[in-house]
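Here the structure comes first, spelled out in structure tokens, and everything after it is commentary.
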Amino acid sequence: VVERIGGQPGTVQEYQSKVVKQSAPLPYNLSALQIDASRQLNLSPKQTLDLCQQLYERHKLITYPRSDCRYLPNEHHRQASHVAAAIGMVQPALQSAVQTADFQLRSAAWNDTKVSAHHGIIPTERRMNGESLSRQELALYTLIARHYLAQFYPPLQRRETRIGIEIAGGQFLAKGREILLPGWRVVLSADRADEEPESRLPLLQQGDVVHCERGERIDKQTQPPKPFTDATLLAAMTGIARYVQDSSLRQILRETDGLGTEASRAGILELLFQRGFLQHQGKSIRATEMGKALIRALPVAASL
């Protein structure tokens with residue numbers, strides 16, 4: 001097939017193009033913050049929790065950090081400009097993001113019906129010089145502040161294109177995506193290294209003739225699952241149901257908040273490391289021989 005299509009004309013059989021809007025990520029709860037802090041700041045879940053406690057108790061710069069909620073009460077929207085002014089003082093690097101924010105906007109984060117005992121983790125109105133914070137405290141505060149400011153930017157708009165082409169009797173599919181309006185991404189671009197790269201496709205219509213310069217076949221092999229990192233293991237704990245085969249247990253776990261609570265997950269992991277069941281190999285987490293022996297010793301009925 002590869003040799004047959006090189007240098008041949010192709011006909012557009014299908015052309016679909018649509019504009020997709022994507023709202024800003026919600027403010028953090030503790031688990032989401034620990035996951036991002038691990039990926040971006042190389043902090044362990046316990047380090048993140050300890051730093052959050054410092055920012056909350058000592059510096060009074062963020063709201064209650066052990067929250068499992070990512071939404072905000074509607075009444076807090078009135079405080080937005082004051083919170084943003086505080087952000088600009090604590091972290092001058094965000095002053096531009098503060099000045100271009102539109103505090104009349106109301107994202108999906110503002111929802112009384114989804115606020116439980118605590119709301120999402122956001123900065124407070126307290127103003128202080130960020131130079132008095134440690135490097136890690138300031139980095140974590142900046143992460144929280146970016147997600148808060150993103151609520152006052154318009155949705156990201158992206159064009160997604162799908163083109164079906166017939167070449168020498170074969171059917172081929174091309175997919176493209178390009179950003180039309182960055183919206184909130186201007187605030188969070190530094191925090192989202194996992195974004196897919198843009199792949200812009202030309203504007204075409206059904207029946208158009210195109211030219212295939214060359215064909216290429218790429219052979220790949222399936223890979224075993226990658227070892228857990230602090231971030232991916234924490235994410236697995238919050239969505240533990242997908243790792244459980246027993247359907248009744250899986251349903252129960254889907255209706256809960258996962259394995260442990262927002263406040264206890266970091267402690268669970270820390271204890272497993274302290275007792276020698278887990279160990280770090282670089283950023284990867286591996287079971288020790290003692291950990292493997294523990295799993296082998298468990299009765300089948302107790303295994304998930």
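How many percent of all Cα-Cα pairs in segment 3-120 sit more than 26 Å apart?
Working: 2582 of 6903 pairs.
The calculated P(r) of segment 3-120 puts 37 percent of pairs beyond 26 Å.
Taking a probe of 1.4 angstrom, what is the accessible area of His82 in Å², to the nearest 10?
90 Å²
How high is the relative contact order of the chain, given as a whole-number percent (alpha carbon pairs under 8 Å, six or more residues apart)?
Working: 507 pairs, mean separation 79.5, N = 304.
RCO, the chain: 26 percent.
Using the scaling law 2.2 N^0.38 Å as the reference, what is the normalised Cα Rg of the chain?
On the way: Rg = 24.2 Å, N = 304, 2.2 N^0.38 = 19.3 Å.
Ratio of Cα Rg to 2.2 N^0.38 Å: 1.25.
Ignoring everything except DSSP H segments at least 4 long, calculate the 222 nm mean residue ellipticity for the chain; use -39,500 (n - 2.57) per segment, divide by total residues, nearest 500.
Numbers: 11 runs with 96 residues, N = 304.
The per-residue figure over the chain is -9000 deg cm²/dmol.
For the chain, give the magnitude of the charge dipole about the Cα centre (Cβ charges: +1 Lys/Arg, -1 Asp/Glu; no others), in debye to the nearest 20.
Numbers: 37 positive and 31 negative charges, 65 e Å.
Computed charge dipole of the chain: roughly 320 debye.
Scan the chain and report its longest stretch carrying no GluC sites (Glu not before Pro) that are both in a DSSP loop and have at most 16 other Cβ atoms within 10 Å. Write out the running numbers ahead of the final one.
Details: sites that count: Glu125, Glu195, Glu198, Glu213, Glu216, Glu255.
Answer - 1-124.
Leaving out ligands and nucleic acids, note down the accessible area per residue over segment 110-212 with a 1.4 angstrom probe, in whole Å². Don't skip to the end; give the middle numbers.
Numbers: 5520 Å² over 103 residues.
With the other protein chains kept in place, segment 110-212 gives 54 Å² per residue.
With only Lys, Arg, Asp and Glu charged, each at its Cβ (+1 for the first two, -1 for the last two), find how big the charge dipole of segment 229-273 is about the Cα centre; round to the nearest 20 debye. Write out the running numbers ahead of the final one.
On the way: 4 positive and 6 negative charges, 35 e Å.
That gives a dipole near 160 debye.
Which whole-angstrom value gives the distance between the alpha carbon centres of segment 113-159 and segment 27-82?
If we compute the Cα centre of each part, the gap is 7 Å.
Compute the longest continuous run of the chain that contains no exposed trypsin sites (Lys or Arg not before Pro); treat a site as exposed when its DSSP state is not H, G, I, E or B and it has at most 15 other Cβ atoms within 10 Å.
Numbers: sites that count: Lys60, Arg106, Arg126, Arg127, Arg192, Arg200, Arg214, Arg217, Lys220, Arg275, Lys283.
Maximal segment without exposed cleavage sites: 128-191.
Would you mind telling me the share, in percent, of accessible area of the chain contributed by carbon and sulfur at probe 1.4 angstrom?
The value for the chain is 50 percent carbon and sulfur by accessible area.
What dipole magnitude, in Debye to the nearest 20, does segment 19-108 give about its Cα centre under +1 on Lys/Arg Cβ and -1 on Asp/Glu Cβ? If you can, show how the numbers build up before the last one.
Details: 9 positive and 6 negative charges, 12 e Å.
Roughly 60 debye, rounded to the nearest 20.
The values are calculated or read from the model by the stated rules, or taken from the named source; none is laboratory data. A quick note: this is a predicted structure, and the numbers were derived from the prediction, not measured. When we count neighbours, we look across all protein chains shown, and the Cβ atoms used for this are built from the backbone with ideal geometry, even at glycine. Heads up: the accessible areas ignore ligands, DNA and RNA and are worked out on the full protein's heavy atoms, side chains in. Shrake-Rupley method; radii C 1.70, N 1.55, O 1.52, S 1.80 Å.
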